[in-house]
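The values are calculated or read from the model by the stated rules, or taken from the named source; none is laboratory data. The structure presented is a predicted model; accordingly, all values stated were derived computationally and were not measured. Note that we place each Cβ from the backbone using ideal geometry, even for glycine, and neighbour counts take in every protein chain shown.
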Amino acid sequence: MSEQVSELLDSLRAKAERGDLLYIGESVVRVDSLEKVLGSPVYTADLIPKGTVYAKLFHSSVPHGIIKRMELGQARSCPGVLGILTPKDIPGLNESSAVLPDRQLYADPVVRSTGDILGAVVAETYPAASDAAARIKVDYDPLPAIFDPLDALKPDAIRIHQKGNIARQMKIRKGDVEEGFSRSDVILERTYRTQFQDAVPLEPEVGLAIPEDGGVRVIGSMQSPHHTQAAVAKVLKLPPEKVHVIQAVTGGAFGPKSDETPFDVCSTAALAAVKYRRPVYCGLDREDSMVMHTKRHPFVITHKTGVTSDGMLVADESRLVGDTGAYASLGVFVIVRATFHTVGAYEIPNVKADSFLVYTDNTYSGSLRGFGGPQAIFAIESQMEELARKLGMDPLEFRLRNMLVPGKKSATSAVMDGSCGLPQCVEKVVASSNYREKAARYRNQNGNLRRGLGIALLMHGNSLGPEGNDYGAVHIEVLSDGTISVGSGLTEYGTGAMSGIMQVASSVLGVPLSRFKLERPDTSKHRESGPTVASRVVVIGGNASKQAAEKLRGRILPLAAELLKTDDKRVTMVDGMAFDRRKPSAKVEWDTIVAEAYRRGVGLKEEGFFMAPPAPWDQEVGQGTPYVQYTWGALIVEVELDMSTGYYTLVGAHAAYDVGKAVNPNGVLGQIYGGTVQGLGYAMMEELLHKDGAVVNPNLGDYYIPTSMDIPREFKAFIVEVPGPLGPFGAKIIAEPPIVLPGAAVRNAVLNASGVSVDDLPVTSEKVLMGMKLRQAPRTH
Amino acid sequence: MKRLITLNVNGTDHPINVDVTVRLIDVLRDQLGARSVKEGCSTGDCGICAVLVDGKLVNSCLMLAGQCDGRRVTTLEGLLDDPEMKRMQGSFIANNAAQCGFCTPAMLMASWDLARRASSPTDEEIKVAISGILCRCTGYYQIIDSIHQGCKGTRR
């Protein structure tokens, strides 16, 4: 391979130097791989022009209070400082909120968390801005603060926002749980807690603003450029078209970059650019990012579950409380997804769920890969394990008896159709892990090092469901040189999804992906396409891409038929060549057809638009069909645990996901590996800690994420393909789901190895050791 | 306080007048245009600013430019014509080892450094070689596959 690759790289580098978009042959589909392995300057910080000045945000030091006075004089007189932005510098609305209008760009005069931004120092260099920001003194009238979401629900709790502490409430009602409990032989009630997780995209949030004819050009790291445009325009009081937003190549996102922080850095950079008539870079360092951006909501989830002695689930009542911190952000939808998944991938005839998204004075929560799924599934899959143990049943058999299969009904009474591939996923991981033989063997262990297997099953509703209008637009233009240029307001931030939608167009047109180029999302060129979230690019954008490509095909084939002197029904395009099916020797090349189209003035520019069918969900009744299709999955984790210390390592992971149709199998595997490992971090080590509302560990020395040394020694990943009704070619979403299962799978594996149930994530060795000590300690009461 | 130093970056001597507090990463990125060097934490924890100084992999956010006076600094830009690096890059592309791409230059530096020492490293050796560099996207498996493939047949 080496010589070939070497030549290929040379030719691709030459292309790159000419400014062409980079692409490598068919076996490798991502259109953006080459710029990444070349270390090309394509990220926001690489694009800073000469003469740029730097904005450093500063934030509150108290969790709740009223700003009395800000002492800015000392900071203002620091060398290199141009000025300090405060609410007074905002010509438009002092608002930076993604959904509910409950959050200001610069808190004024009330601060509700230590992550609240108060303003920004603008200086010639970043160190100068940073030094000056450290000299700002703020006096507050402190207010009482709430840090536990359960405290926020108490009737006498202070109100963090005027409307009260509940940002959103939801319910599910199916059957009659009381009647169900009366028919149950075993009833188990148990409470589970999850922690704050930080997304840690390796590139923190950054924005660069450059003054531009009567407005401002903004280049930044973000998921949804059109939303950023609207947010910045509101703050600057400019018409949206005067705020020209371009998404730079984005170094990881995972959710928070669809929330408010991109608004905050871009609005600040834009405010300063307009005020000082200079290019302004507002880039968060790691600490500011971890303090200021949204995290995964901690949840407190209680399940009361009834089951018959032969292991059939009868009823489940759950209460979910999500801590959204000081602001609602995307929490209003996170709580919805968590609630829909509260009983996971199981059929339970009677379900009652009540959920509450509550404000506290912690730093705020929002979007993070999985979006409520990891919390809900951790709780229900832990509950399933405890129930199986109580019944004395094998946890796999118990799950097999109750899991959703085609024809069964979800918690909201949606009937599962033939696209439910859960049984196939379970079969794969059970076989791969040699579960039955090992589980029997591990039941009788006596040594200090013990093994344990943990299972968790997944259902994951696809795309937005009732979270909003689920649409996307993609345009495709064939340039005169035959290049197929694809653009959208949907963005790429690492998963390869945009390559996926180009692959869809490539396969419809019969032209290899090497002829495609991806346009940078640009609000002046591309239509608003909704947020790039929920792993919906390939499913929703893929349909739009398919439609645009089909329209183009409708123009190309008749031309090709004419050139081939045949009927267009007999023409097919393969690998950039049109053939007459009955006379395969007659062929005409893509470039020839395109040249002919240009000669005749046949337009080769098409737009595709796709909107998912509405999700009939009745929130008053608490029943309905919130999603058109689901991604299914199963994970078995094997641990080895040291009984004297509680320390454990991951021996193996066996994962199978039903993705409907794998558009790019290597890309799907990348999502399974990457999402699982991020989920293993959540399961084993990651916890952003607050003390009195202040973030204790906002750096990667104290907040651990998995390194190469932490991953399972063996990882077997399987792709299951049971086509779904929504996505192109039956595709289902895959970027988010793999992060959902590790929490419960690790917890259950540790339980089966050590006998210790850890009900609050992460499952640290300390908690396991403590559990073993408590079990051994003589009872004193 | 400024001081005149000579940095040899990617084979070229650069006499630079630097403030003694300036970090190596800043000189590389801002003055010498080596923008493959990324900053992810500024505290030496994420490793994505890794470069070679006299052949040793270091975090350029933890080193002052002044400490590199008279030393050889190598960044990805300096290895783009190196056959072993090209092999490694090709392997990264073929195995989908770059997702968001932000850690990729540092991963490539560590991989190239390993390839010089081992033509068929074990999983464990590879994991150790990249253990100082965080990747949040891939879960490391496709990177490890790439390094296995990219190391094969390297000249030592």
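Got a sec? Which strands (runs of 3 or more DSSP E) wholly within the range B:1-110 have at least 3 residues that are more than 29 Å from B:PRO121 (Cα to Cα)? Give the derivation first.
Working: elements: B:2-9, B:12-19, B:50-53, B:56-59, B:72-74.
Qualifying strands (runs of 3 or more DSSP E): B:2-9, B:12-19.
Can you name the residue in the range A:433-465 that is of a type in the set (S, T, N, Q) and under 35 Å from the mean Cα position of the chain (by Cα) and, of all such residues, is surrounded by the most Cβ atoms within 10 Å (Cβ to Cβ)?
Going through the qualifying residues, I end up with A:ASN462.
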Just one of (1) in the same structural domain as B:ASP30 (by TED's automatic domain parsing); (2) surrounded by 19 or more Cβ atoms within 10 Å (Cβ to Cβ) trips up B:LEU62, so point out which. (2)
Could you tell me whether A:ILE556 is more than 32 Å from the chain's Cα centre (by Cα) and either in contact (Cβ under 8 Å) with a residue 60 or more places away in the chain or over 30 Å from A:GLY252 (Cβ atoms) (or both)? yes
Please specify each residue of the range B:111-127 satisfying the condition of being outside any loop (DSSP other than H, G, I, E, B) and out of contact with any Ser or Thr (no Cβ under 8 Å at 6 or more places or on another chain). B:TRP112, B:ASP113, B:LEU114, B:ARG117, B:ASP123, B:GLU124, B:GLU125
How about the range A:370-489: which strands (runs of 3 or more DSSP E) wholly inside it have at least 1 residues that are closer than 19 Å to A:VAL343 by Cβ? A:449-461
Sole residue being surrounded by fewer than 24 Cβ atoms within 10 Å (Cβ to Cβ) and not acidic (Asp, Glu), chosen from A:THR676, A:THR645: A:THR645
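Condition (residue is facing chain A (nearest Cβ under 8 Å) and within 18 Å of B:MET109 (Cα to Cα)) applied to the range B:47-58: is it met by at least one residue? Can you show your working first?
First, the residues of the range B:47-58 that are facing chain A (nearest Cβ under 8 Å): B:48.
Checking the rest, the ones that are also within 18 Å of B:MET109 (Cα to Cα) come to B:48.
Yes, that holds for at least one residue.
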Consider A:LYS438 carefully, then state whether it is modelled with pLDDT of 95 or more and under 30 Å from A:ASP618 (Cβ atoms). no
Checking the condition buried (at least 24 other Cβ atoms within 10 Å of the Cβ), more than 10 Å from chain B (Cβ to nearest Cβ) and within 21 Å of the chain's Cα centre (by Cα), which residue from A:ALA749, A:ALA731, A:ALA753 passes? A:ALA731
Quick one: how many residues across the range A:297-314 are farther than 12 Å from A:LEU391 by Cα, of a type in the set (A, V, I, L, M) and surrounded by 24 or more Cβ atoms within 10 Å (Cβ to Cβ)? 1
Among the numbered conditions (1) under 27 Å from A:ARG369 (Cβ atoms); (2) buried (at least 24 other Cβ atoms within 10 Å of the Cβ); (3) at the interface with chain A (Cβ under 7 Å from one of its Cβ atoms), tell me where B:SER131 comes up short. (2)
Within the range B:69-88, the residues that are in contact (Cβ under 8 Å) with a residue 40 or more places away in the chain and either over 15 Å from the mean Cα position of the chain (by Cα) or more than 30 Å from B:ARG3 (Cα to Cα) (or both) are B:ASP69, B:GLY70, B:ARG71, B:GLU84, B:ARG87, B:MET88
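Under the condition of being among the charged types (D, E, K, R) and under 25 Å from the mean Cα position of the chain (by Cα), which residue from the range A:356-414 is farthest from A:LYS691 (Cα to Cα)?
Of the range A:356-414, the ones among the charged types (D, E, K, R) are A:361, A:369, A:381, A:385-386, A:389-390, A:394, A:397, A:399, A:401, A:408-409.
Add one more test, that the residue is under 25 Å from the mean Cα position of the chain (by Cα), and what stays is A:361, A:369, A:381.
On the way: A:ASP361: 11, A:ARG369: 25, A:GLU381: 30 Å.
Once the filter is applied, the top-ranked residue is A:GLU381.
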Answer yes or no: is there a residue in the range A:290-305 that is away from chain B (no Cβ under 14 Å), outside any helix (DSSP H, G or I), basic (Lys, Arg) and over 25 Å from the mean Cα position of the chain (by Cα). yes
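Suppose the filter is within 18 Å of A:LEU422 (Cβ to Cβ), in contact (Cβ under 8 Å) with a residue 60 or more places away in the chain and within 14 Å of chain B (Cβ to nearest Cβ); does A:ILE672 pass it? Reasoning before the result, please.
On the way: within 18 Å of A:LEU422 (Cβ to Cβ): yes; in contact (Cβ under 8 Å) with a residue 60 or more places away in the chain: yes; within 14 Å of chain B (Cβ to nearest Cβ): yes.
It is true that A:ILE672 is within 18 Å of A:LEU422 (Cβ to Cβ), in contact (Cβ under 8 Å) with a residue 60 or more places away in the chain and within 14 Å of chain B (Cβ to nearest Cβ).
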